[in-house]
Structures are given as C-alpha cells and as structure tokens.
Amino acid sequence: MDQTPRPLLIGGRPVDARTADGIVVENPATGEAIGVVADAGTDDVAHAVTAARDAFEHWRWTPANERADLLHEAAARTIARADDLVDGLLREQGKARPEQEEEVEWSANTLRYYAELGRNSRGRVVPSGEPRTQLNLVLHEPFGVVGAIIPWNFPLLLLTWKLAPALAAGNTVVIKPSELTPLVTLDWIATCFDHLPAGVVNVVTGTGPGAGEALVAHPDVRVIAMTGSVPTGQRIATVAAPMMKHLHLELGGKDAFVIAPDATVVESVEAVAYAALFNAGQVCTSAERVYAPAGMHDELVEALVDRVGRIRVGDPTGDGIDMGPMAAERFRAKVADHVRDAVDRGARVVAGGGVPDGLERGYFYAPTVLSGVDHDMVIMNEETFGPTIPVMAYDRIDDAIAWVNNSSMGLGATLRSNDPALIKRFFEEVKVGTVWINDPLTDNYAGPFGGMKMTGGARELGEEGLRSFLETKHVHWDMSPDVKDYWYPY
C-alpha cells in the first residue's frame, strides 16, 4: 500500500497538505490498512475556507434553477458510480451490502430532493402598514461558508443531509470527514461534484481536535453542521460561542422501543431486531432500550434469542451477510464494558456477549440480548452504539412512557401498538424529535429529522433542513420620499 497521504480537495483540485503527517485508514472487518489520508492542520483548513469564501461570492448569486441542475447532475453521477461507492463503503465502513446500497441511493435522492426544494422560495411578502406605498419582504439568504463535520457510521448520507441543503441554499462548504471513513468521501466529491464551480465544495481530512477544531474556530466559517457525540457538540459550542456562529448539531440518542400490551411477539421481535442491529447498532436512532409488558417479557426474550441467532455476521464483502463489524476497537470495547457492567449488576446475557467464533480478525461483536436489566445499569442510560438489545419488563404502560422520557437524550422512540388512544398519547407525551409507530428507523425526505434535549435542536431533511442553512432578513421599503407625520417633532 502506498504510504503517501491522499491530497485534500481545495478550490476544485487536489492539494497536498502542508503537513507530512498521515492517518492510516483500516478495513474494520479485517483490521488491514486500506489507505492513508492527510492529517490536515490549521493552515490547510484556512486554505480551504478561503477557497470556499471566495467561491461564495459567485455561488450565492447563481440562479436557483442553475444550482438545481448542478445538484441533479451530482445525483446522476452518484447513481452511475453506485457500485464503486458501495464497494468502497464495504471496505471502509463495514455495513452489510444492502445497507450500503441504501446509503448511496438515499444520498442521491437527497440531492434530488433539495435540488427541487431550493427552487421553491426566496422568502415571502408580508402585509405592510401602508399598502399603497410600502412593501415588506422577508428574505432567506445563505450564511456563507458552512463547516460540515461528518461521522463514520453513514459517511455519505449524513454528509448529504448537510451538503445538499447547504448548496441548494447558496452556501459553500468545507467538509471534514471522520478520520475512520475519509476515502469514499474524497472519491465521491472528486468524481461527482467536480462540475460545480471551484471552491464550492472542499474536503480537508484529519482528526477532530486538529482539522475539526480549526474549522470550528475559523472566523469565516459562519455555520458548523455536525453529527456526533454530546461532548464533541459541547466542545464545538464552546469554541464557536465567542463568534456567535450558527450551530447545527445532532448529538446522538438513547432511543427507547416500547412494546404495548396489544402488540404481538412475532412481529415485535422482527421490528426490535432491525431497530437495534441495523449497522451493528451503530445508528444514533438505534433501539437501545426495549420495554415489554411483564407478561410478554419471557416469551419476547426467548424469541429474540432465536432471531438474533439467525443473523449472519461477517465480512460484508462476502455473500449473504446481515451484519458487519463495528467501526473500531475502541467502540467494541465500549460495548463490552456496558455489557460487563450490566452483568455485574445482575443482568443476564442470553445471546451473544462477545466476539463471534471465527471472526477474531477485525472488530466484530455478536448480536447480544440481555434480560433482567434496570435503570441502575450503564447500558440503560448511556449511548452504547453497538449490537445490544437490553429488555426490561414493565407492569403499567404509564411506567414505560415515563422511562422513555427519563433520559437526557431525545432523538427518537418507537411504539408497537394498534391502539389509537395509546398511540396518540404516546406521540404527544414522549419528548423526542421522531416517533415511529410500528415501523422503526424509517426516514422521509420531506420529514424533519432531529432531536430534543441533549440531542440538540438541529433538523435535517424536509423544509426545516433547508431553512437551517438560511438566515432571515426583513426589508421595509417605503416607495414615497415624503416626510412622515410620526417623525420628530412629536
């Protein structure tokens, strides 16, 4: 493997970083090195921001219809290169092939959605105090340079949820991908966005404390859009506060899955397994707490043990794989710590609980079911971000709803039920940004995604996603030069 770091993408061309330091990128299924990227520093970030700032002066005045055509072209190129992008994601990120294919398709469709939404509105006219001579306009304008800090679990999709609306709104963007998954991002931007004007989209690779913090601290970056952990979001807020930057932060979750007394075990097991184990549980909306009626608990746990035992775990480049590895050893170790703490406090591991046989290479962890859990355990309170299903029994649905809300996080929650009164009560009482009834983890291009409480107040997708990258201006226009009788003197 060539040890020379991949160049950055700045101003529409590859640019060698000003530091010789590199970051080795691994295949999480094998632990083998698959590439090296630059560990960009402050000067590199400043170079990218300057390119984006200069490009903004032209891009913001590019007609919305022209921007839409350019985004549609990026979507078409993405679909044309889908097989290559999926193969790259399989090696670099580790989700199962169907999940990687879905990520690429969703990324293309998100570009298409915002291409059209960006044509739709520049603002509105509001009634004026004097309708004959005055006009009041509310205008939505781009901020300028957006810094996009992207996680490793959906390196293209969660980038697109920021990039597409930011570009449609007329902003330019500097991307800092995760140091775990930068290779496909570099390839995607280089091949599917090179028809955009130079400097509109730029990529700097590096670490969070390095390139990430430099991006947040740069005074010409007016928006920071980030998906990641609460501590990272708090650090970004601290650095950005003196410059009053606009922050667009989605900071994880501890989502609950409630099975109502009227739900059936067979269908609920299928829903829980999908909600908890998609991408090996490395989803901010993963079901990390399952609450089941006491009378159903044992049957549900037994059925879950059978269901997860049939999930095919392995290298996602192989055939017939349902679940791939975790992203890195430190994340697998965190899952093991959460499971160990639960067992020490009285929980039982009834399925999984370690490295699957024959998968000692890479960062695999078996789908794990725990019973006998309670809220004294870390696994029921802190984000685990791994393939675990802790199941807790409840006697009253009131208790389950209270437990859903008893979290500092507020991203999403799922209810399995066909009781309309309970469903209405649930979605009105739970304090989360997305409520799924019977069909967990489903997104909608036109529906806003984001959380409440410590998860942050950002919204992606939908009209709200576009509005996040626009600031509002009010114009009061009086067409008459006459002196007004309400001016001085009174």
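We did not get these values from a lab; they are worked out from the coordinates using the rules stated. All figures in this text were calculated on a predicted structure; none of them were measured in a lab. Note that we place each Cβ from the backbone using ideal geometry, even for glycine, and neighbour counts take in every protein chain shown.
Could you tell me which residue out of Gly362, Pro420, Val266 lies farthest along the dipole of the range 255-437 toward its positive end? Charges go on the beta carbon: Lys and Arg +1, Asp and Glu -1, centred on the Cα centre.
Highest projection toward the positive end goes to Gly362.
For the residue pair Glu66 and Ala294, what label-to-label distance in nm results when each label sits 7 Å from Cα along the Cα-to-beta-carbon direction?
It works out to 6.9 nm between the two label points.
Which log10 I(q)/I(0) values, to two decimals, does the chain give at q = 0.09, 0.11, 0.12 Å⁻¹ under the Debye formula with one point per Cα?
-0.64, -0.92, -1.07
In degrees from 0 to 90, rounded to the nearest 10, what is the angle of the helix 97-117 Cα long axis to the longest principal axis of the chain?
Helix 97-117 and the main axis of the chain meet at about 20 degrees.
Could you work out the relative contact order of the chain, using alpha carbon pairs under 8 angstrom and six or more residues apart, expressed as a whole percent? List each step's numbers first, then the result.
Numbers: 1109 pairs, mean separation 86.8, N = 490.
Normalised by residue count, the contact order of the chain is 18 percent.
Can you sort Ile389, Ile79, Ile321, Ile224 from fewest to most other Cβ atoms within 10 Å of each residue's own Cβ? Walk me through the numbers before you get to the answer.
Working: Ile389 31, Ile79 17, Ile321 20, Ile224 25.
Least to most surrounded, the residues fall as Ile79, Ile321, Ile224, Ile389.
Using only DSSP helix segments of four residues or longer, with each worth -39500 (n - 2.57), what per-residue ellipticity at 222 nm results for the chain after dividing by its residue count and rounding to 500? Can you show the working numbers first?
On the way: 14 runs with 176 residues, N = 490.
Dividing the helical sum by the residues of the chain leaves -11500 deg cm²/dmol.
Any chance you could give the angle, 0 to 90 degrees and rounded to 10, that helix 230-240 forms with the longest Cα principal axis of the chain?
Between the helix axis and the principal axis of the chain, the angle is about 20 degrees.
As a test, work out the antiparallel percent of DSSP beta bridges whose residues both lie in the range 255-437, rounded to the nearest 5.
On the way: 3 of 23 bridges.
In the range 255-437, DSSP labels about 15 percent of beta bridges as antiparallel.
So which of Lys162/Lys453; Lys176/Lys431; Lys95/Lys162; Lys334/Lys424 end up more than 27 Å apart by C-alpha?
Working: Lys162/Lys453 21 Å; Lys176/Lys431 31 Å; Lys95/Lys162 21 Å; Lys334/Lys424 36 Å.
Beyond 27 Å between Cα atoms: Lys176/Lys431; Lys334/Lys424.
Over the chain, what is the percentage of antiparallel beta bridges among all DSSP beta bridges, to the nearest 5?
On the way: 28 of 67 bridges.
The antiparallel proportion sits near 40 percent.
Compare the peptides 174-184, 467-477, 116-126 by average per-residue count of other Cβ atoms within 10 angstrom and give them in order, highest first.
Values: 174-184: 25.1, 467-477: 15.3, 116-126: 13.6.
With the highest mean Cβ count within 10 Å placed first, the list reads 174-184, 467-477, 116-126.
Neighbour counts of other C-beta atoms within 10 Å: give me Phe427, Phe257 arranged from fewest to most. Mind showing how you got there, number by number?
On the way: Phe427 15, Phe257 26.
By the 10 Å Cβ count, ascending, the order reads Phe427, Phe257.
Could you pull out the GluC sites (Glu not before Pro) across the range 334-426 that fall in loop regions by DSSP (anything but H, G, I, E, B) with no more than 15 other Cβ atoms inside 10 Å?
Here the GluC sites (Glu not before Pro) that fit, given the DSSP loop and packing criteria, are Glu360.
Using R₀ = 35 Å, calculate the FRET efficiency as 1/(1 + (r/R₀)^6) where r is the Cβ-Cβ separation of Asp399 and Glu270; round to 0.05.
Numbers: r = 25 Å, r/R0 = 0.71.
Working from the Cβ atoms, E equals 0.90.
Using the Kirkwood radius built from alpha carbon pairs, what does the Stokes-Einstein equation give as D for the range 255-437 at 10 °C and 1.306 mPa s, in µm² per second?
For these conditions, the coefficient is 97 µm²/s.
Give me the Å³ per residue figure for the convex hull around the C-alpha atoms of the range 364-490.
Numbers: hull volume 31.3 nm³, N = 127.
Cα-based convex hull of the range 364-490, divided per residue, equals 247 Å³.
Measure nothing fancy, just the Cα-based angle from helix 420-429's long axis to the longest principal axis of the chain, in degrees from 0 to 90, nearest 10.
60
Straight-line reach from Lys484: which aspartates and glutamates fall under 14 Å, measuring Cα to Cα and dropping same-chain residues less than 8 apart?
Within the straight-line limit of under 14 Å, Lys484 reaches these aspartates and glutamates: Glu130.
So, counting K/R as plus one and D/E as minus one, what does the shell of residues with Cβ under 10 Å around Ile34 add up to?
Result for the neighbourhood of Ile34: -2.
What's the exposure ranking of Lys162, Lys424, Lys453, going from fewest to most Cβ atoms within 10 Å? Spell out each step's value before the answer.
Numbers: Lys162 29, Lys424 11, Lys453 17.
Ranking Lys162, Lys424, Lys453 by Cβ neighbours within 10 Å, fewest first, gives Lys424, Lys453, Lys162.
Mind giving me the nanometre distance, one decimal, between the label points for Lys424 and Thr442, set 7 Å out from Cα along Cα→Cβ?
It is 2.1 nm.
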